[in-house]
1. Collect the residues in the stretch 194-251 that are of a type outside the set (D, E, K, R), under 23 Å from residue 13 (Cβ atoms) and assigned to a helix (DSSP H, G or I), keeping them in residue-number order.
2. If I ask for residues that are open to solvent by less than 80 Å² (accessible area, probe 1.4 Å), closer than 25 Å to residue 79 by Cβ, out of contact with any Leu (no Cβ under 9 Å at 6 or more places or on another chain) and not polar (S, T, N, Q), which ones from the stretch 111-162 would you list?
3. Based on what the data block shows, is residue 166 within 13 Å of residue 6 (Cα to Cα), open to solvent by 30 Å² or more (accessible area, probe 1.4 Å), modelled with pLDDT of 95 or more and outside any helix (DSSP H, G or I)?
4. Could you please tell me which pairs satisfy a Cβ distance under 7 Å, a separation of 6+ or placement on different chains, a first residue in the stretch 203-223 that is free of Cβ contacts under 8 Å to residues at least 40 places away in the same chain and farther than 12 Å from residue 184 by Cα, and a second residue that is away from the ligand (no atom under 11 Å from the Cβ) and part of a helix (DSSP H, G or I)?
5. Of the numbered conditions (1) touching a His at 6+ places or on another chain (Cβ under 6 Å); (2) not in a loop (DSSP other than H, G, I, E, B); (3) not hydroxyl-bearing (Ser, Thr, Tyr), residue 99 satisfies every one except a single condition; which is it?
6. Only residues that are open to solvent by 40 Å² or more (accessible area, probe 1.4 Å) and within 9 Å of the ligand (Cβ to nearest atom): list them for the stretch 178-223, please.
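The values are calculated or read from the model by the stated rules, or taken from the named source; none is laboratory data. These figures come from a predicted structure and were not determined experimentally. Neighbour counts are summed over all protein chains in view; Cβ atoms, including those assigned to glycine, are modelled from backbone coordinates with ideal geometry. Only protein heavy atoms, including side chains, enter the accessible area calculation; ligands, DNA and RNA are left aside. Shrake-Rupley method; radii C 1.70, N 1.55, O 1.52, S 1.80 Å.
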Amino acid sequence: MRKKIVAGNWKMNKTFQDAEDLVSTIADELDGVDTACEVVLCPPFPYLEMASDYADESGLQIAAQNVSEFEDGAYTGEVSASMLASIEIGYCIVGHSERRKYFGETNAQLATKVEKLLDHAIRPIFCIGELLEERNANNHFEVVKRQLDEGLFQLNKDEFKEVVIAYEPVWAIGTGVTATSAQAQEMHAFIRQQITGKYGKPVADQTTILYGGSCNAKNAAELFSNPDVDGGLIGGASLVAEDFIKIVKSF
Ligand code: 13P
């Protein structure tokens, strides 16, 4: 059976003290609990090592929110995959729509980031999803297919097996407008079908595909009950321990 994951993307939130409170509360709450999913926390860069220390004791996984497309050297302000690997970070979000929108990240750059991560044995959580106008124009399948083709499908089969996909319709992120269960399932099934076409059914059946976009403690169980929805990438609701724990327990 493929892996289920609930990941909390904290984005650019929390002071160090608040971050430590959140990670320690989540670690305590999940201590000894046999969750049906892997739990991944994605704090900002300065808190990764602190979070990793808690993770070591509690079975949580820690992810970065971004990585440089460059290996190392004179790239002021950047953080490389080798740096993340050196503090034993297991996952990294790539291509979040906020990175695409505010920092102009392109599918080609994202493909390079994915390769850098895989070179350092870090699993990418690769984000895809359409804008509202693209859905309204009925272009959503085409947009998602292009993001897969240009960002991920350069990988060989063994490389691709390490990738987690997060479908995050941009119109659902931070808006309170969640995709319906049917919309999420329809797109997740489409994504799995594209993977089947490229890498074959056994690989597609093993690929974890997360849903993200106003997923919360109230709607997570319904979203996760869909056959092709393998968990969630949670924004706002991951900043409150109680809500996040409820989502983790939604399977
Ligand atoms: P919200 O859950 O706040 O809508 O954010 C989703 C998201 O962008 C996770 O990466």
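1. Those that are of a type outside the set (D, E, K, R), under 23 Å from residue 13 (Cβ atoms) and assigned to a helix (DSSP H, G or I): 220, 223, 236, 237, 238, 239, 241, 244, 245, 247, 248.
2. Within the stretch 111-162, 113, 116, 129 qualify.
3. For residue 166, the condition - within 13 Å of residue 6 (Cα to Cα), open to solvent by 30 Å² or more (accessible area, probe 1.4 Å), modelled with pLDDT of 95 or more and outside any helix (DSSP H, G or I) - is not met.
4. Filtered contacts from the stretch 203-223: 204/192; 204/195; 204/196; 217/246.
5. (1)
6. Scanning the stretch 178-223 gives a single hit, 216.
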